[in-house]
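**Student:** I have a structure I would like to understand better, so I am pasting it below and will then ask my questions one at a time.
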Amino acid sequence: MVNEDKQFIQLIRSALTAIDGLWFLEVENKLGFDQAFEIDIQVWKRYGSIIINRIKKILSLQENNLEAFLQVLKILCEIDGTQFEIKKQSPNEVIIQVNYCPWWENLKRSHREKLVRCDIVDKVIFPEWAKYFNPELEFQILNSLPDGHDACEWVIKLKDS
C-alpha cells in the first residue's frame, strides 16, 4: 500500500504541473507570451491565499507567526515535491535552501528555462503569500537555480528583525 500511496502522490504532483503547463501554453497561444506570463502570476497570487487558508484549516492553525508559516510552507512544498532544508532558524528568521525544485526541472525538460524564469515568478508570488499569511512577514530569494546557483536560498523573516 505504501508504494501505491507514493505513486498516487506522484500522479497528483504530475497532474498539477501538467495542468499548469498546458494552461499556460494555451493562453500563450491565444494571447502571446507576455500576457500569458502576466495572467500566470495573477493566478499564482490568488492560488496562494486559497491554498494557505485550506492548509491552515487542516492544521487547525490559529497563529500567524513565522513558525506557523513554516508549517504551511512545508505542506506547500510537499504538495508540489519541492525539497528543502532549513539552514538557520530563529523565532524571527529562517533561511531555507531548496535542493530540488520540480518546477525548475520541468522547465529544463521542456527547454523553456530561459523563457519562463521561475525565480521571477517566485520573487513576486512568495512575498505575496507570506504577506497574506502575516503582513509582518518578508520573503526574499537570495539565490536561485535559474541564476546558476546550486540551490535556491530563501529568507523569511519578521519585519525589522
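**Student:** Starting at the first residue of segment 95-103, write each ³J(HN,Hα) from the Karplus equation 6.51 cos²θ - 1.76 cosθ + 1.60 with θ = phi - 60°, in whole Hz, x for Gly and Pro.
**Tutor:** Those phi angles translate into 10, 10, 10, 8, 8, 9, 10, x, 5 Hz.
**Student:** Given R₀ = 22 Å, what would the calculated FRET efficiency be for Q35 paired with Y100, taking r from the Cβ atoms and rounding to 0.05?
**Tutor:** 0.10
**Student:** Here is a follow-up. Could you give the length gained by full extension between N65 and I86, i.e. 0.36 nm per residue of separation minus their alpha carbon distance, to one decimal place?
**Tutor:** Extending this stretch completely gives an extra 5.9 nm.
**Student:** Please give every one of the lysines within straight-line cross-link reach of K159, meaning a C-alpha to C-alpha distance under 23 Å, and leave out same-chain neighbours fewer than 8 residues apart.
**Tutor:** Reachable lysines: K45, K56, K74, K87, K88, K123, K131.
**Student:** While we're on this one: Can you list the equivalent-ellipsoid semi-axes of the chain, largest first and in whole Å, using the square root of 5 times each Cα gyration tensor eigenvalue?
**Tutor:** Rounded to whole Å, the semi-axes are 25, 19, 17.
**Student:** Using 0.36 nm per residue, how much length does the chain from R112 to K57 gain when fully extended, once their Cα-Cα distance is taken away?
**Tutor:** Result for the pair: 16.2 nm of gain on full extension.
**Student:** Still on this model: By counting other Cβ atoms within 10 Å of each Cβ, how are E153, E105 ranked from fewest to most?
**Tutor:** Lowest to highest Cβ neighbour count: E105, E153.
**Student:** Taking just the alpha carbons, could you work out the radius of gyration and Dmax for segment 104-157, both in angstroms?
**Tutor:** Computed over the Cα atoms of segment 104-157, radius of gyration and Dmax are 12.4, 38 Å.
**Student:** So what's the gap between the Cα centers of segment 17-37 and segment 118-161, to the nearest angstrom?
**Tutor:** 24
**Student:** With r as the distance between the Cβ atoms of V43 and I9 and R0 = 22 Å, compute the FRET efficiency 1/(1 + (r/R0)^6) and round to 0.05.
**Tutor:** Efficiency computed from Cβ-Cβ geometry: 0.40.
**Student:** While we're on this one: Based on DSSP H runs of at least 4 residues, each adding -39500 (n - 2.57), what is the mean residue ellipticity at 222 nm of the chain after dividing by all its residues, to the nearest 500 deg cm²/dmol?
**Tutor:** So the helix-based figure for the chain works out to -20500 deg cm²/dmol.
**Student:** For Y100, list long-range residues whose amide hydrogen, built 1.01 Å from N in the peptide plane, is under 5 Å from its own amide hydrogen.
**Tutor:** Amide H neighbours of Y100: Q83.
**Student:** Could you give me the ³J(HN,Hα) list for segment 35-46, computed from phi with Karplus coefficients 6.51, -1.76, 1.60 and θ = phi - 60°, whole Hz, x at Gly and Pro?
**Tutor:** Karplus values, whole Hz, x for Gly and Pro: 5, 4, 5, 4, 5, 4, 5, 5, 5, 5, 4, 5.
Read-outs throughout are calculated quantities, based only on the coordinates presented, and are distinct from any laboratory measurement. Source: prediction; values computed, not measured. Ideal geometry is used to build each Cβ from the backbone, glycine not excepted, and the neighbour counts take in all protein chains shown.
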